[in-house]
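Below is one structure; the comments refer to it alone.
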Amino acid sequence: MTATDPSSISATTPGLPWRAKLAVVMLVVLAVVVVLVSNRLLTDRYTADTRSRAEVRLALYTGNLMAELQRTSVVPLLLASDPDLVSALKSGNFSGTSAKLIKLQAELGVASIRLVDVDGRVVGATNRNLLGTSHRNSTYFVEAQRSKDTIFSAVRRDTGGFDFLYSRKVIEGASTLGVILVSVDLVKYERAWAGLQDAIMVTDSEGTVMLATEPRWRGLPAAEALALRDPPSAIARALRATAEWTQDPPDAYVRGEAVMRTEARVPFRGWKIATFTAYGSVRDQVNGILALEIMGFAILMAFTFYLLSRRAWSRSLSFQRESAELRLLNARLQRAIAEREKVKKDLEVAELTLAQSSKLAALGEMSAAVSHELNQPLAAMKTYLAGARLLLQRKRLDEALSSFQRVDDLIERMGAITRQLKSYARKGGEAFEEVDLRACVSSALAMMEPQLKARVVKISRGIPRQAVMVMADRLRLEQVIINLLRNALDATKDIKDPQIDILLSAGETATLTVRDNGHGISDLDNLFEPFYTTKKPGEGVGLGLAISSGIVTDLGGRLTARNGDGGGAVFEMQLPILGNKVEAAE
């Protein structure tokens, strides 16, 4: 086989570059023509579909308005012949008129009802604040007296918008007794329409906007209302120009968005209703199909380039695969980062919640103890002072001084309690010191004294005579013992002869055991999980044991739980003894 000269290849196919360029140009021209034709046809089709759906909704809105107007138009006719209202107008006794109108309003489902006497004064109303107001010069009152039929009126409010009401005179024989006014609740349709994407307006025979989803339109001519819009910025005009190339010129602009207008007649006094539907759905549907067409031509063009240059196509595929892999990797990294940030935030919130719950639990125990201990000396001081007053009146000074000495002793006792409160308020958790575990047990029992005295509970203690020294934060350690005692006290709430055993021993570790004769623990696996509790709602949040376990772990020990042989729960707290300097320091 002989080698082929490259110059001979180019010589044999001299027109290949020009044919390739021509094919690319023709493909581009074809793509532009197809996209433009498709844009026109699809825009017309989806615009017609959108307009048809708008007309269906318009018919529904019109039917709702007419149903409300026709239903309410019958109410004045019925009330004008009501014997109670006629009798009240004849006798001038309107004591029960408002109550009756309120009852009728609830039954008939109208906005409001007012009864006006022949002088134009409101003598009965569902809104009692309107009693006594005058309608003598109101157009609807005058027209109702002149006509035998029910009169419809649209009254402009001072705050904007209109009140719609029916008025009919109340007669007996040939005498006019008064006028009944019934308001039509058409504003509820405004509120319902406000939640829709379409903008809606209802105009009267003169073109004045009576109802509208846009508050600025009410009371204005329709053309003037549609002209109310904020001037778009340069960026907004540019975006509008690029966004509307796939559609016909819009009928109007609402809130700066191009919309199509659909109108229908309301068979009532020449009213009209119009909806303004955004072109967004049309634009999305057309652009979606155009995107598919462009994608198809892009694929065809890519295939053309593949035929023209296998090497370039292979390189393009390699780039595409690498790009896809990079996107997937980027997406995975972003998800991983988001998950880690979420977990970090959740952990921070959990730590803050646990710390706050720990503080609140400790503060509750401290407050109960201090309150109980302060109430007793205060009551005794009041008794001693009353006795001292009597002794002074009887000139028995020695005995009075003795009473004052007792008061002084009580004040000293209260000072000791407040000093304990100050020590308990110190910030803990960082300053470790040598602590006698026996003193912590005694202090915890003192803090729990109000709860223990409130019930008859047998407390048995097994405390060694020699000191049991550990390296710990005294306040946090006392908090753990208080939580264990409180749980034992709650566990024996329904027991006939409650008993709590406290055992302290010192060996390789300092072990504190708290045992009760309650019902035991049903779920040992989740006992130390945060927010796990067997108490009724409002009696506990399930954080006490979780916080206690965390504190003991921070002190280098461990907190375990099990069920006793004779029933009840057994909690054991093990801490490094002070003799092991390294472990205690850890």
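The values are calculated or read from the model by the stated rules, or taken from the named source; none is laboratory data. Computed from a predicted model, the values in this text were never measured in an experiment. Please note: Cβ atoms are built from the backbone with ideal geometry, for glycine as well, and neighbour counts cover all protein chains shown. Heads up: the accessible areas ignore ligands, DNA and RNA and are worked out on the full protein's heavy atoms, side chains in. Shrake-Rupley method; radii C 1.70, N 1.55, O 1.52, S 1.80 Å.
Hey, can you find the accessible area per residue of the range 440-502 for me, probe 1.4 Å, expressed in square angstrom?
Result: 45 Å² per residue.
State the Cα centre-to-centre distance between the range 159-211 and the range 321-336 in whole Å.
Distance between centres, Cα-based: 61 Å.
Starting from 0.36 nm per residue, how many nanometres of slack lie between R146 and K458 once their C-alpha separation is accounted for?
Result: 103.0 nm gained on full extension.
Considering only protein heavy atoms and a probe of 1.4 Å, how much of the accessible area of the range 82-185 is carbon and sulfur, as a whole percent?
Numbers: 2340 of 5230 Å².
Solvent-exposed carbon and sulfur of the range 82-185 make up 45 percent of the total.
Please give, to one decimal in nm, the separation of the simple spin-label points placed at F303 and D44, each 7 Å out from Cα toward the Cβ.
3.0
Using the heavy atoms of the protein chains and a 1.4 angstrom probe, tell me the accessible area per residue for the range 112-208 in square angstrom. Walk me through the numbers on the way to the answer.
On the way: 4760 Å² over 97 residues.
Dividing the accessible area of the range 112-208 by its residue count gives 49 Å².
Taking the Cα centre of the range 13-171 as the origin, how large is its charge dipole in debye, to the nearest 20, when only Lys and Arg (+1) and Asp and Glu (-1) carry charge on their Cβ atoms?
420
If packing is taken as the mean number of other Cβ atoms within 10 Å per residue, what is the order of 103-114, 484-495, highest first?
The densest-packed peptide leads the list: 484-495, 103-114.
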